[in-house]
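Visitor: Below you will find the structure I want to go over with you.
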Amino acid sequence: MPTPSDRKRNVAVVGATGAVGEVVLDLLVKRGFPVGELRPLASERSAGTTVKFAGRDVPVLEAKPEAFDGIDFAFFAATGALSKDLAPEIARRGGVAIDKSSTWRMDPQVPLVVPEINPAALDKHRGIVACPNCTTIGFVMALEPLRRAAGVKSVVVTTFQAVSGTGKPGIDELNRQLSETAAHQRPTTQTYVQPIAHNVLPLCESFRDDGYSTEEVKLLYETRKIFGDDALDVTMTCARVPVRVGHSAAMLVETERPLSAEDARKALAAFPGVIVKDDPKHNVFPTALDAAGRDEVFVGRVRKDLVSNKLWLWQVADNLRKGAATNALQIAEEMIRRGLK
Ligand SMILES: NC(=O)c1ccc[n+]([C@@H]2O[C@H](COP(=O)([O-])OP(=O)(O)OC[C@H]3O[C@@H](n4cnc5c(N)ncnc54)[C@H](OP(=O)(O)O)[C@@H]3O)[C@@H](O)[C@H]2O)c1
């Protein structure tokens with residue numbers, strides 16, 4: 001006998017021609033999501049082109065309010081301004097917008113969800129659910145097992161973020177600059193303020209007046225909201241590195257109760273969606289290349305700080321998969337499981 005969860009859902013992918021949108025389309029098929037009608041949406045520039053879905057060429061439509069008629073889930077992976085305008089349109093039509101932009105994340109009416117951590121927040125949705133920033137997702141996935149084992153008081157984190165975190169323009173910039181430098185030409189800059197090829201930029205997005213970048217403060221406030229813990233201290237530096245896919249982070253974690261490196265490794269390994277890759281004797285640790293194309297968050301280099309009771313760890317996740325598309329799809333799957341859609 002069919003259950004509500006067997007029903008097909010009509011799905012829109014807003015930003016279907018972009019870096020995240022392409023992965024959403026791919027994962028809808030790979031995860032066996034119950035897609036009825038698929039509506040790929042993008043700007044008027046792409047309207048009339050096609051995207052591949054389940055071996056078919058599906059026409060791209062312009063993202064307009066009417067495009068959401070009859071849609072159950074709309075995955076938003078375009079611009080913040082578009083999410084602001086159009087997410088309420090799908091909510092008004094009885095569907096759910098699952099938004100990858102930062103627009104709705106800190107809205108108290110909007111759940112900010114990593115399904116392994118705070119799925120119950122979905123129960124209060126009002127038609128819009130926000131996905132955390134790609135860096136926040138890997139970060140909280142590595143923290144949550146430690147939080148459950150020993151509580152977390154504070155974290156100092158430095159991130160090493162891939163160019164695909166800036167979408168297709170970031171990937172194009174790195175590829176172009178690598179060609180230019182290989183031809184002994186000066187690298188031209190369009191997307192980043194300084195060359196990214198053969199370089200490390202201690203800036204993701206743009207600087208605020210207080211000297212932090214907009215990306216950095218997301219780590220603090222989004223983490224607090226997901227954990228429901230306004231006392232948690234997070235301080236950070238986010239850097240862009242010439243890696244195509246996979247955000248890495250070095251994290252120094254102060255737990256509330258003492259936690260040995262061995263117990264931390266056990267807690268991490270037991271958590272769904274986390275893989276521990278940590279064997280220093282054999283030079284085993286996770287890298288961006290390991291994480292690229294994977295849904296799991298990888299953790300290694302778990303060790304006690306030499307001068308305090310804190311723990312160091314190294315965490316890596318695919319920013320386009322768990323950092324974006326996978327998490328968004330998991331949210332939809334969890335909503336179906338909970339009978340919310
Ligand atoms: N990349 C990541 O790792 C990552 C991770 C988490 C969250 N996000 C967020 O996900 C979103 C998409 O990022 P991305 O990396 O996939 O960017 P991207 O590769 O630059 O793709 C942007 C997409 O948005 C569409 N778009 C742009 N302006 C539009 C408009 N006015 N109307 C309709 N569609 C429009 C583009 O369509 P056209 O082809 O027609 O221009 C394209 O499909 C952003 O909000 C980003 O912050 C990205």
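Visitor: In percent, how large is the relative contact order of the chain, given Cα pairs closer than 8 Å and 6 or more residues apart?
Guide: That works out to 18 percent.
Visitor: While we're on this one: If you place +1 on the Cβ of every Lys and Arg and -1 on the Cβ of every Asp and Glu, how big does the dipole about the Cα centre of the stretch 137-290 come out, in debye to the nearest 20?
Guide: Magnitude of the dipole: close to 320 debye.
Visitor: So, R0 is 51 Å and r is the distance between the beta-carbons of ARG303 and GLU66; what FRET efficiency does that work out to, to 0.05?
Guide: For ARG303 and GLU66, the calculated efficiency is 0.40.
Visitor: At 25 °C and a viscosity of 0.890 mPa s, what translational diffusion coefficient does Stokes-Einstein give for the stretch 58-116, taking Rh as the Kirkwood radius over Cα pairs? Give it in µm²/s as a whole number.
Guide: 204
Visitor: Could you state how much accessible area ASP69 has, in square angstrom rounded to the nearest 10, with a 1.4 Å probe and all protein chains kept in place?
Guide: 80
Visitor: What does DSSP give for the stretch 136-318 in terms of the percent of beta bridges that are antiparallel, rounded to the nearest 5? It would help to have the intermediate numbers written out before the result.
Guide: On the way: 23 of 34 bridges.
In the stretch 136-318, DSSP labels about 70 percent of beta bridges as antiparallel.
Visitor: Then there's this: Would you pull out the residues with amide H under 5 Å of ILE275's amide H, same chain only if 5 or more places away, H placed 1.01 Å from N?
Guide: Amide H to amide H, under 5 Å and 5 or more residues apart or across chains, ILE275 pairs with VAL297, PHE298, VAL299.
Visitor: Putting +1 on Lys and Arg Cβ atoms and -1 on Asp and Glu Cβ atoms, find which of PHE75, GLY94, GLN109 reaches farthest to the positive end of the dipole of the stretch 69-115.
Guide: GLN109
Visitor: Right, here's the next one. Counting Lys +1, Arg +1, Asp -1, Glu -1, what net charge surrounds CYS238 among other residues with beta carbon under 11 Å of its beta carbon?
Guide: It works out to a net charge of -1.
Visitor: Follow-up question, since we're still on this one. First check a/c for the chain, with a ≥ b ≥ c the square roots of the eigenvalues of its C-alpha gyration tensor; if it is under 1.5, answer rounded, and if not, answer prolate when a/b is larger than b/c or oblate otherwise.
Guide: Because a/c hits 1.5 or more and a/b fails to exceed b/c, the chain counts as oblate.
Visitor: Say R0 is 51 Å: what FRET efficiency, to the nearest 0.05, do ASP233 and ASP57 get from their beta-carbon distance? If you can, show how the numbers build up before the last one.
Guide: Numbers: r = 50 Å, r/R0 = 0.98.
After rounding, the FRET efficiency stands at 0.50.
Visitor: So how strong a dipole does the chain carry about its Cα centre when Lys and Arg Cβ are +1 and Asp and Glu Cβ are -1, to the nearest 20 debye? Display every interim value, and only then the final one.
Guide: Details: 44 positive and 42 negative charges, 109 e Å.
Once rounded to the nearest 20, the dipole reads 520 debye.
Visitor: Also: Pairs LYS124/LYS310; LYS84/LYS168; LYS8/LYS322; LYS168/LYS266; LYS52/LYS277: which are spaced more than 27 Å apart, C-alpha to C-alpha?
Guide: Going by Cα-Cα distance, LYS124/LYS310; LYS168/LYS266; LYS52/LYS277 fall outside the 27 Å limit.
Visitor: Share of the chain's accessible area from carbon and sulfur, percent, 1.4 Å?
Guide: Carbon and sulfur together cover 53 percent of it.
Visitor: Using the 4.7 Å Cβ rule, please list in number order the cysteines from the chain without any candidate partner.
Guide: CYS131, CYS134
Visitor: Full-extension gain between THR214 and ARG126, please, as 0.36 nm times their residue separation minus the C-alpha to C-alpha distance.
Guide: 29.0 nm
Visitor: Find which of VAL253, VAL156, LEU219 sits farthest along the positive direction of the dipole of the chain, computed with +1 on the beta-carbon of Lys and Arg, -1 on that of Asp and Glu, about the Cα centre.
Guide: Checked the options; the winner is VAL253.
Visitor: Keeping every protein chain present and rolling a 1.4 Å probe, give me the accessible area per residue for the stretch 224-339 in Å².
Guide: 45
Visitor: Using helices alone, what [θ] at 222 nm do you get for the chain, with -39,500 (n - 2.57) per DSSP H run of 4 or more residues, divided over all residues and rounded to the nearest 500?
Guide: -9000 deg cm²/dmol
Visitor: Mind giving me the FRET efficiency for ARG7 and ALA183? R0 is 56 Å, r the Cβ-Cβ distance, nearest 0.05 is fine.
Guide: Working: r = 55 Å, r/R0 = 0.98.
That pair, ARG7 with ALA183, gives E of 0.55.
Visitor: Taking every DSSP beta bridge with both residues inside the chain, roughly what % is antiparallel (nearest 5)?
Guide: Given both bridge residues lie in the chain, the antiparallel proportion sits at roughly 45 percent.
Visitor: Can you list which of the chymotrypsin sites (Phe, Trp or Tyr not before Pro) found in the stretch 152-223 are DSSP loop residues with at most 12 other C-beta atoms within 10 Å? Each step should come with its number before you reach the end.
Guide: On the way: sites: PHE160, TYR192, PHE207, TYR212, TYR221; in loops: TYR192, TYR212.
Counting only loop positions with at most 12 other Cβ atoms within 10 Å, none of the chymotrypsin sites (Phe, Trp or Tyr not before Pro) in the stretch 152-223 qualifies.
Visitor: Hey, another quick one. Note down the magnitude of the dipole of the stretch 264-327 about its Cα centre, charges +1 on Lys and Arg C-beta and -1 on Asp and Glu C-beta and zero elsewhere, to the nearest 20 debye.
Guide: 240
Visitor: Further question on the same structure: Is the shape of the stretch 113-191 best called rounded, prolate or oblate, per the rule: a/c under 1.5 gives rounded, else a/b larger than b/c gives prolate, else oblate, with a ≥ b ≥ c the square roots of the Cα gyration tensor eigenvalues?
Guide: Oblate is the answer for the stretch 113-191, as a/c is 1.5 or above yet b/c matches or exceeds a/b.
Visitor: If you don't mind, another one. HIS247: accessible area at probe 1.4 Å, nearest 10 Å²?
Guide: Counting only protein heavy atoms, HIS247 exposes about 10 Å² to solvent.
The values are calculated or read from the model by the stated rules, or taken from the named source; none is laboratory data. Here the structure is a predicted model, which is why all the values come from computation and not from measurement. Quick reminder, even Gly has a Cβ in these numbers, built from the backbone with ideal geometry, and neighbours come from all protein chains shown. Protein only, heavy atoms only, side chains kept; ligands, DNA and RNA dropped before computing areas. Shrake-Rupley method; radii C 1.70, N 1.55, O 1.52, S 1.80 Å.
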